[in-house]
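Here's the structure, in structure tokens; my notes come after.
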């Protein structure tokens, strides 16, 4: 029984090999697929075009080795592409890190410039512009108010001085008039006195 079964299997194997060798069109199609098609198509062509026995496929060793070589070449190609891609990714990460560092440095410089722009050295002290403006306008306001106060005081003093000069002039004029009148009276009294003396001498 075992011998019959083995002979039966051998017969089918020989038949599949014979059918495969007798079908040059099928072989040409498999060879063409193994040369030009992608891996997925090569597997499909090899599965569909190879002869079958029960649940098995009778694949020629040369086709199997060619497919294996193609798969390994494809894997190597993908691995090389993956390495190149990873290398580029690492390079991009390095560039991104450098760019982030540059951005942080630029932000720091910008912050410093903005702070410097918004501040002024006031008596050697770095002061915010708003504070500086407030202090400056406060000083200007105080100086302006002080100037107005002294101007008002000057005008008041000037008016008082003018009034005092006017009053002094009036007093001076009155004194001059009074002095002249006193001199005239004195002259009149002297004449009268002289006249009396002359009268007394003549008597």
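Observations
- Rg over Rh [alpha-carbon atoms, Kirkwood Rh] for the stretch 52-203: 2.00
- The stretch 84-100 versus the stretch 146-160: alpha-carbon centroid distance in Å: 78
- FRET efficiency, residue 160 to residue 128 (Cβ-Cβ, R0 41 Å, nearest 0.05): 0.30
Since every read-out is calculated from the coordinates, none of them should be taken as a lab result. Note that this is a predicted model, so its numbers are computed, not measured. Every residue, glycine as well, gets a Cβ built from its backbone with ideal geometry; the counts of neighbours run over all protein chains shown.
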